[in-house]
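Reading through the structure tokens given below for one structure.
The values are calculated or read from the model by the stated rules, or taken from the named source; none is laboratory data. This is a predicted model, so every value here is computed, not measured. Glycine also receives a Cβ, built like all others from the backbone with ideal geometry; neighbour counts cover every protein chain displayed. Side chains are part of the model used for accessible areas, which takes the heavy atoms of the whole protein and leaves out ligands, DNA and RNA. Shrake-Rupley method; radii C 1.70, N 1.55, O 1.52, S 1.80 Å.
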Amino acid sequence: MDKEIFVTRSSMPDYKEYTEAIKPLWNTHWLTNMGIYHKQLELLLKEYMKVPDVSLTVNGHMALELAIQAFDFPKDTEVITTPFTFISTTHAIVRNGLAPVFCDVKPDDGTIDETKIENLITEKTVAIIPVHVYGHVCNIEEIQKIAEKYNIKVIYDAAHAFGIEYEGNGIGVYGDASVFSFHATKVFNTVEGGAVTFNDHKIYEKLYNLKNFGIRGEELVTQVGANAKMNEFCAIMGLCNLKHISSAMEARKHIVEHYIRRLREIEGIITFEGNEKSTKNYAYFPILITNTYKSSRNEIYEKLKENGVHARKYFYPVTSDQACFKNKYRYIDIPCARSLAEQVLTLPLYEGLSDEEVDMIADLF
Ligand SMILES: *Cc1c(COP(=O)(O)O)cnc(C)c1O
């Protein structure tokens with residue numbers, strides 16, 4: 001192998017397109033603090049994501065932390081969430097002083113098992129933070145019913161779900177808030193960036209405070225805020241990338257379909273797909289290496305690596321097993337999350353990955 005293939009490669013506009021777009025900054029010298037490009041991107045994203053309201057942030061993690069903080073949950077309360085996710089989801093809960101309660105996931109799509117949520121609810125439960133993992137949409141209706149029954153909030157980690165529509169609606173309209181990541185490795189990127197979407201406009205003001213030190217006037221600070229503003233260079237990157245998002249997704253779709261054609265017939269490999277009721281954004285291509293495959297997940301992972309193909313074990317281990325969380329919270333059996341974490345392998349997927357490269361990768365299986 002002369003070329004290393006990584007699991008992703010960041011989407012970028014043409015060099016010329018971006019450098020032309022940032023030129024006005026040399027006139028205005030307005031580089032951050034809710035500048036005109038920040039405002040423009042919020043407006044365009046509202047439309048693209050089909051949501052009533054959006055607040056941009058410096059990254060997805062801070063979007064998650066601040067979205068949780070915006071609800072002012074009492075300290076020492078509990079949040080039901082999933083351990084089959086990126087570590088950020090669990091960190092955001094714990095950094096807000098809340099205790100994660102790890103609910104198991106479903107084998108067919110990896111999202112939180114809504115039938116197991118109710119058993120985990122106690123007097124301390126204040127919220128559910130499910131994850132639309134790989135863009136697989138959670139069981140929104142059931143989760144909403146439970147939340148209403150117990151009067152608790154739902155904040156979706158929708159970091160994988162940019163651009164997805166569910167029954168004709170933007171995915172970000174569900175729950176009390178949804179959080180997106182525009183990190184360089186995501187399907188839509190602003191280099192680093194994130195967003196919270198929500199229906200209640202009061203949350204916009206809260207997030208504005210929280211992302212800007214709580215400053216409301218030259219001499220007035222009303223809240224203990226963070227600094228989590230998106231800067232203008234990142235907003236412009238987003239404006240440029242947004243222009244090309246549908247062709248980027250089309251290109252990814254082509255690659256995913258090619259992978260599926262090549263891998264479908266192989267004994268023991270399952271392509272891991274989501275809900276029929278939602279559109280797809282082709283952000284990731286996770287497969288499951290089950291025990292009827294000729295070698296183990298770790299063996300095929302190593303074999304790919306030896307051939308210059310850097311797949312990832314997204315998500316292994318489950319976050320509740322990480323050194324910083326292990327044995328610290330309520331013990332809950334999560335056999336399905338553990339089993340998926342042992343089987344999953346996320347294959348390279350990005351605009352520009354050629355059919356020949358997909359064939360080469362598939363030939364290694
Ligand atoms: C990427 C990601 C985040 C964090 O987003 P950043 O923009 O990297 O801070 C949170 N949750 C999930 C599921 C993610 O994949």
Fill in the blank from the handout: Cα-based Debye curve of segment 245-363 sampled at q = 0.13 Å⁻¹ gives log₁₀ I(q)/I(0) of -0.59
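Suppose all protein chains stay in the model; what accessible area per residue would a 1.4 Å probe give for segment 113-178, in Å²? The partial results should precede the final answer.
Values: 2400 Å² over 66 residues.
I get 36 Å² per residue for this part.
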Exercise for the section: Holding the Cα-Cα limit at 24 Å, pick out from LYS116/LYS294; LYS75/LYS202; LYS277/LYS326 the pairs that are longer than that. Expected result: LYS116/LYS294; LYS277/LYS326
Handout entry: Between segment 208-267 and segment 180-203, the alpha-carbon center distance in angstrom
Key = 4 Å
Problem - Of LYS149/LYS206; LYS23/LYS211; LYS145/LYS243; LYS39/LYS153, those spanning more than 31 Å from alpha-carbon to alpha-carbon - result: LYS145/LYS243
Practice task
Compute the distribution of all C-alpha to C-alpha distances in the chain, in bins of 10 Å from 0, and list the percent of pairs in each, rounded to whole numbers.
Solution key: 5, 24, 32, 25, 11, 2, 0
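Could you give the C-alpha radius of gyration of segment 236-277 expressed as a fraction of 2.2 N^0.38 Å, taking N as the number of residues it contains?
Details: Rg = 14.6 Å, N = 42, 2.2 N^0.38 = 9.1 Å.
It is 1.60.
Give me the compactness ratio for segment 62-108, meaning the Cα radius of gyration over 2.2 N^0.38 Å. Could the numbers behind the result be given before it?
Details: Rg = 11.0 Å, N = 47, 2.2 N^0.38 = 9.5 Å.
Compactness ratio reported: 1.16.
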Handout entry: Dipole magnitude of the chain, debye to nearest 20 (Cβ charges: Lys/Arg +1, Asp/Glu -1, about Cα centre)
Key = 600 debye
Exercise for the section: Report the charge-dipole magnitude of segment 1-134 in Debye, nearest 20, computed about the Cα centre from +1 at each Lys and Arg Cβ and -1 at each Asp and Glu Cβ. Expected result: 460 debye
Problem - Highest to lowest packing among 267-280, 322-335, scored as the average C-beta count within 10 Å - result: 267-280, 322-335
Fill in the blank from the handout: For LYS3, the aspartates and glutamates lying under 17 Å Cα to Cα, once residues fewer than eight places off in the same chain are dropped, come out as GLU302, GLU306, GLU351, ASP355, GLU356, GLU357, ASP359, ASP363
Fill in the blank from the handout: Phi angles of segment 35-40, converted by Karplus (6.51 cos²θ - 1.76 cosθ + 1.60, θ = phi - 60°) into ³J(HN,Hα) in whole Hz with x for Gly and Pro, give x, 5, 6, 4, 5, 4
Practice task
Calculate what fraction, in whole %, of the accessible area of segment 1-127 sits on carbon and sulfur atoms when a 1.4 Å probe is rolled over the protein chains.
Solution key: 57 percent
Exercise for the section: Report, by chain and number, residues whose modeled amide H sits under 5 Å from the one on ILE5, excluding near sequence neighbours (fewer than 5 apart, same chain). Expected result: VAL309, HIS310
Handout entry: 14 Å cut-off, amide nitrogen to a point 7 angstrom out along TYR150 Cα→Cβ, residues in segment 52-94
Key = 77-82
Practice task
Would you kindly find the accessible area of THR82, with a 1.4 Å probe and non-protein molecules such as ligands, DNA and RNA excluded, rounding to the nearest 10 Å²?
Solution key: 0 Å²
Completion exercise
re segment 280-347: pairs of Cα atoms spaced beyond 19 Å account for a percent value of 43 percent
